[in-house]
Amino acid sequence: MMAVGWRGLSAGDVSRRLGLAGEVMARLAPVSRVGGPEVVLPAEGVAARLLARLGLEEADRESTLAARPDVRREPELWWVLDRSYRLLLAQMGQRRAGDPAWRALPDRTGAVGRHLFVWVFLAVVPQVRDYHAAIGLTDEESWDSLSALGDELASSRRLTGRAGLDATWGLPLVFTGVGFRLGRLGFERSCPESGEHEFLQVGESVLNTHVPASRTPLTDEACDASFARAIALAGQFPERVVGFACHSWLMDEQLTQYLPSTSNILRFQRRFTTFTDRVRADWAPIEHVFHRRFDGDDVPGALLDELPQRTTLERAIVTHLRSGGHWHNQTGWLRTH
Ligand SMILES: CC(C)(COP(=O)(O)OP(=O)(O)OC[C@H]1O[C@@H](n2cnc3c(N)ncnc32)[C@H](O)[C@@H]1OP(=O)(O)O)[C@@H](O)C(=O)NCCC(=O)NCCS
């Protein structure tokens, strides 16, 4: 360990040798390398057990363990690992404005690069678990929240055909304790609005709501329980939480033309009273319902031909696109206080 030179690397060396995007350096270069603990990775057996606890499927556990970073072999990647770890520690429990996404490292960093952030998240598990306990999450809620890692790895592998992580914006929020799962729904604390907003007053904030993919239906009872738990938890945050927002294709009101009004998706949508920020997003139902991706704005006809048409929703998505329509993401707002 002592003979290696990763500590002597400059941000410029690392960026040049790995071909890192400006976005990565903008995130990592300001992180102090002096003071604070250096990253320590869990030993092989501990890591294997932890990966199972975080809900990784076997294929993702194996690819992660096989791509364990090595400080001697890849000092530049170790530098990225260490800085990313310190960044998460510095941001623990801190709400952040702006784009939280961590984009994938360049392909030339290979399997280790594609799994590097998985190892960063593993390294920070003890601290985020402590943070969860401090804000009153139960043990089960804590592990449930962190199992977003397993969900995201599996979904990324299905979508891209490659093991490891693609761009992720949700996981840095989860592994700094800002995003958590409470029963059926996920939530994350957001920054308060600082200017004019048709739904929020200055200084008010909402919890962003997520609907994790699951075979479990989105029943009223499950959602009621999740929202009630979120309201209880939010009461002890320093910010003034006045309700919920949900930015999703599930908020597209055109779904009312196709789904019965008793469907869980429409019952969920009707909880939200104001809708803003509508953007065309045909990719969203294609990705979330069919687990498929395409290039460009328009869904290729050949892809539409391949999609299964077993359920009302599957037929709705395809029929609407075939008739020249589009699907949208928009933000639904729900005020509770
Ligand atoms: C949100 C979700 C749990 C709702 O499922 P649900 O509780 O069954 O929803 P509904 O009661 O409204 O279902 C209405 C119809 O759509 C179908 N449907 C719902 N979700 C479906 C899905 N993911 N794939 C295929 N069909 C689906 C149902 O089977 C039903 O059709 P049917 O009567 O012909 O069987 C589910 O759609 C899902 O897991 N989606 C992926 C997660 C997601 O997109 N999250 C938002 C990310 S921004």
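The values are calculated or read from the model by the stated rules, or taken from the named source; none is laboratory data. It should be emphasised that the depicted structure is a prediction, and the values quoted were computed from it without experimental measurement. Here the Cβ is made from the backbone with ideal geometry for all residues, glycine too, and neighbour counts use every protein chain on show.
Restricting region 22-47 to residues that are in contact with a Ser or Thr (Cβ under 9 Å, 6 or more places away or on another chain) and among the hydrophobic types (A, V, I, L, M, F, W, C), the residue that is farthest from W78 (Cα to Cα) is A47. When residues in region 62-81 are screened for being in a helix (DSSP H, G or I), surrounded by fewer than 19 Cβ atoms within 10 Å (Cβ to Cβ) and without any contact (Cβ under 8 Å) to a residue 60 or more places away in the chain, 3 of them pass.
On the stretch given as region 102-120, residues that are in a helix (DSSP H, G or I) and in contact with a strand residue (DSSP E or B) (Cβ under 8 Å, 6 or more places away or on another chain) total 1.
Looking only at region 176-193, decide whether some residue is surrounded by fewer than 16 Cβ atoms within 10 Å (Cβ to Cβ) and out of contact with any helix residue (DSSP H, G or I) (no Cβ under 7 Å at 6 or more places or on another chain).
Initially, region 176-193 is screened for residues surrounded by fewer than 16 Cβ atoms within 10 Å (Cβ to Cβ), giving 191, 193.
From the residues that got through so far, the ones that are out of contact with any helix residue (DSSP H, G or I) (no Cβ under 7 Å at 6 or more places or on another chain) too are 191, 193.
So far as region 176-193 goes, yes, one or more of its residues are surrounded by fewer than 16 Cβ atoms within 10 Å (Cβ to Cβ) and out of contact with any helix residue (DSSP H, G or I) (no Cβ under 7 Å at 6 or more places or on another chain).
A count restricted to region 14-30 and to residues that are within 15 Å of W102 (Cβ to Cβ) and in contact with a helix residue (DSSP H, G or I) (Cβ under 8 Å, 6 or more places away or on another chain) stands at 7.
In the set (1) under 30 Å from P126 (Cβ atoms); (2) without any contact (Cβ under 8 Å) to a residue 24 or more places away in the chain; (3) more than 16 Å from the ligand (Cβ to nearest atom), V202 fails one condition alone, (1). Could you grab me the full set of residues in region 143-195 that are under 11 Å from the mean Cα position of the chain (by Cα), without any contact (Cβ under 8 Å) to a residue 24 or more places away in the chain and farther than 23 Å from H291 by Cα? E188 - this is the single residue of region 143-195 that is under 11 Å from the mean Cα position of the chain (by Cα), without any contact (Cβ under 8 Å) to a residue 24 or more places away in the chain and farther than 23 Å from H291 by Cα. Of the set (1) part of a helix (DSSP H, G or I); (2) loosely packed, with under 15 Cβ neighbours inside 10 Å, all apply to G324 but (1). Residues in region 222-230 include at least one that is in the same structural domain as D282 (by TED's automatic domain parsing), free of Cβ contacts under 8 Å to residues at least 60 places away in the same chain and of a type in the set (S, T, Y). Remark: pairs (first residue in region 298-317, in contact (Cβ under 8 Å) with a residue 60 or more places away in the chain and in the same structural domain as P217 (by TED's automatic domain parsing); second residue near the ligand (Cβ under 10 Å from one of its atoms) and hydrophobic (A, V, I, L, M, F, W, C); Cβ separation under 9 Å; 6+ apart in sequence or on different chains) = A316/L255; A316/L259.
Any residue at all in region 321-337 that's at pLDDT below 95 and either more than 11 Å from the ligand (Cβ to nearest atom) or more than 22 Å from C223 (Cα to Cα) (or both)? The answer is yes, given that some residue of region 321-337 is at pLDDT below 95 and either more than 11 Å from the ligand (Cβ to nearest atom) or more than 22 Å from C223 (Cα to Cα) (or both). Evaluated against (1) within 12 Å of the ligand (Cβ to nearest atom); (2) surrounded by 16 or more Cβ atoms within 10 Å (Cβ to Cβ); (3) more than 16 Å from R335 (Cβ to Cβ), H291 falls short on exactly one condition, (2). Within region 282-332, the set of residues being under 18 Å from Q269 (Cβ atoms) and β-branched (V, I, T) comprises V289, T311, T312, I317, T331. Residues in region 271-288 that are in a loop (DSSP other than H, G, I, E, B) and either out of contact with any Gly (no Cβ under 7 Å at 6 or more places or on another chain) or loosely packed, with under 12 Cβ neighbours inside 10 Å (or both): R271, T273, A281, D282.
Being surrounded by fewer than 18 Cβ atoms within 10 Å (Cβ to Cβ), modelled with pLDDT of 95 or more and of a type in the set (D, E), is that true of even one residue in region 130-137? Within region 130-137, one or more residues are surrounded by fewer than 18 Cβ atoms within 10 Å (Cβ to Cβ), modelled with pLDDT of 95 or more and of a type in the set (D, E). A search for C-beta distances below 6 Å between a residue of region 242-255 that is more than 13 Å from T274 (Cα to Cα) and among the β-branched types (V, I, T) and any residue that is more than 9 Å from the ligand (Cβ to nearest atom) and outside any strand (DSSP E or B), counting only pairs 6+ apart in sequence or on different chains, returns V242/H337. Candidates A245, A213, A225: the one that is within 13 Å of the ligand (Cβ to nearest atom), surrounded by fewer than 16 Cβ atoms within 10 Å (Cβ to Cβ) and within 28 Å of G93 (Cα to Cα) is A213.
Output yes when any residue across region 305-319 is away from the ligand (no atom under 14 Å from the Cβ) and either surrounded by 14 or more Cβ atoms within 10 Å (Cβ to Cβ) or within 22 Å of R184 (Cα to Cα) (or both), and no when none is. Break it down into steps so the answer makes sense when it comes.
Of region 305-319, the ones away from the ligand (no atom under 14 Å from the Cβ) are 305-306.
Now drop any that are not either surrounded by 14 or more Cβ atoms within 10 Å (Cβ to Cβ) or within 22 Å of R184 (Cα to Cα) (or both), which leaves none.
The answer is no; no qualifying residue exists.
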